[in-house]
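Quick note: the coordinates plus some simple rules give every number you see, no bench work behind them. Please read these numbers as outputs of a predicted model, since none were measured by experiment. Note: ideal-geometry Cβ built from the backbone for every residue, glycine included; neighbour counts use all protein chains shown.
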Amino acid sequence: MMPKFLKFSLIALLVAGCSASTKKQETDFVSNGIKIAEQQIEYQITKIDKTGKILNPRTLINNNIQYVSFADWTSGFFPGSLWYLYDLTKDEKWKVEAERFTMHIDSAKYLKSTHDVGFIINCSFGNGYRLTNNPDYKATMIRAAKSLITRFRPKTGTIQSWNVNSGWQSERGWMCPVIADNMMNLELLFEATKLSGDSSFWKIAVSHADKTLENHFRQDFSCYHVVDYDTITGEVRNKITAQGYSNESSWARGQAWALYGFTVCYRETQNPKYLDIAEKIAHFIITNKNMPADMVPYWDFDAPNIPNEPRDASAAAINASALYELSTYGQPELAKTADKIMTALSGPAYLATPGTNHNFVLMHSVGSIPHNNEIDVPLNYADYYFLEALARKKALLK
Ligand code: GLY
């Protein structure tokens, strides 16, 4: 019979071996993800430079790269990905590229026609300021926050997401549509208060978050995509969808935006009600009966033909990044779920082979199926949140 001390030593060795191999897998997906992203984005920039212009890649249309202007809601993500490459590698060449592509969208700070100015400026200039303390970036962030709060409607207590006087939004009969995605624009306002000392940005962010908490959620803590408010009475007129399968369904990226947005609200305010809702959203997402084993969701949790529906890698990447942060607020096991998502996204099913996928990093995202737009394509925000999640994982490993 094996002596007791030997048995214990063997078990201890086995446990240590398993945990070392899990740890190794984790570090592997970080280093491999960085390596592939560097290769893909380097090719992407070479291709752009050949045109003699500065171009901003968003996605593919008919298998051609769609480049966007500073006013497009996704214009901050490519510069933001460059900042994350600099953050992850500390290679000065990425800083130079990040500065170049960031300055190219500087005019976005004046945008008052959309709530997306928060996304655009915080992902580009916000990361730039975090990594360099460049005072010009700080000034741009404050200027952009001033533009964003022109969309605050005191009667509803919310920032209006979309204008309703043109485009497809004008055909829906809305007065003041507020979308779950708008939670993502609040981070710029919290930052602007810290940078300027002016608390009005912070107060508007909190008012918007409180109203979203009050009106966007169902009993199971899934959220509606759009809540339309009456700007005269301040009342809710309707709860509907724009990018989901139906008004009562749960659009996957909308849930991800809400998860991420309320996690940021908790970070910035320490108000436990935001932590509570973030954890409940996480629970809804993670335990959903239609969540596939690899944790990369279908584009809508209630899409009618699951499992024959497109997956949305962008929602998965946003979830992973948010869960890494949320895990640090008292639920460390959420980081394991984020690892699972990142392991899937880092595998051959989602991570592009260098030189393919038109040099985007991730494959298989969905923009908007109801608009028949961007179905099963790469998206620059999937790449951005994938890189952010890698940076957060790297920080947690330390
Ligand atoms: N409106 C941002 C999105 O499509 O997720």
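Note on the stretch 33-180: Rg/Rh from C-alpha atoms, Kirkwood Rh, equals 1.02. Per-residue 3J(HN,Hα) values for the stretch 144-149, derived from phi via the Karplus relation 6.51 cos²θ - 1.76 cosθ + 1.60 with θ = phi - 60°, read 5, 5, 5, 4, 4, 6 Hz in sequence order (x marks Gly and Pro).
Figure legend: label point modelled 7 angstrom from the Cα of ASP210 along Cα→Cβ; residues of the stretch 268-296 with amide N under 17 Å from it are 268-277. Bridgeable lysines around LYS138 (alpha carbons under 20 Å apart, same-chain partners fewer than 8 residues away excluded): LYS95, LYS109, LYS112, LYS146, LYS194, LYS203.
Think of the chain as having a plus end and a minus end, set by charges on the Cβ of Lys, Arg, Asp and Glu; of ALA252, CYS123, HIS225, CYS123 sits farthest toward the positive end of this dipole. Computed from Cα atoms, the angle from the helix 186-196 axis to the main principal axis of the chain rounds to 80 degrees. Once the Cα atoms are used to define both axes, helix 200-215 deviates from the longest principal axis of the chain by about 80 degrees.
Roughly how tilted is helix 272-286, in degrees to the nearest 10 and between 0 and 90, from the longest Cα axis of the chain? Helix 272-286 sits roughly 60 degrees off the main axis of the chain. Using the alpha carbons alone, the radius of gyration of the stretch 245-398 stands to its Kirkwood radius in an Rg to Rh ratio of 0.96. Estimated at 0.36 nm per residue, the fully extended path between ILE286 and ASN308 surpasses their Cα-Cα distance by 5.9 nm.
The distance from the alpha carbon centre of the stretch 62-140 to that of the stretch 234-256 is 28 Å, rounded to a whole number. At 25 °C and a viscosity of 0.890 mPa s, what translational diffusion coefficient does Stokes-Einstein give for the stretch 280-325, taking Rh as the Kirkwood radius over Cα pairs? Give it in µm²/s as a whole number. The diffusion coefficient I find is 226 µm²/s. Here the convex hull built on the C-alpha positions of the chain has a volume of 162 cubic angstrom per residue.
Taking amide H as placed 1.01 Å from N in the peptide plane, the amide H of ARG153 sits under 5 Å from that of THR158, ILE159, GLN160, each at least 5 places away or on another chain. Eigen-decomposition of the gyration tensor built on the alpha-carbon atoms of the stretch 320-398 gives equivalent ellipsoid semi-axes of 25, 15, 10 angstrom, largest listed first.
Average the reciprocal distances over every distinct pair of alpha-carbons in the stretch 44-104, invert the result, and give the Kirkwood radius in Å. Write out the running numbers ahead of the final one.
Values: mean 1/r = 0.0830 Å⁻¹.
Evaluated on the stretch 44-104, it is 12.0 Å.
Less than 12 Å Cβ to Cβ from ASP198, Lys/Arg counted +1 and Asp/Glu -1: what total charge do the surrounding residues give? Mind showing how you got there, number by number?
Details: positive: LYS146, LYS194, LYS203; negative: GLU191.
So the environment of ASP198 carries a net charge of +2.
Just subtract the alpha-carbon distance of LYS155 and ILE375 from 0.36 nm times their residue separation and send over the number in nm, one decimal. Please report the intermediate quantities before stating the final value.
Working: separation 220, 0.36 × 220 = 79.20 nm, distance 3.72 nm.
Stretched fully, the LYS155-ILE375 segment lengthens by 75.5 nm.
This model, with +1 at the C-beta of Lys and Arg and -1 at the C-beta of Asp and Glu, gives the stretch 20-168 a dipole about its Cα centre of some 560 debye. The length gained by stretching the chain between GLU171 and ASP230 to full extension, at 0.36 nm per residue less their Cα-Cα distance, is 19.6 nm. Counting every alpha-carbon pair across the stretch 258-343, the share separated by more than 19 Å comes to 35%.
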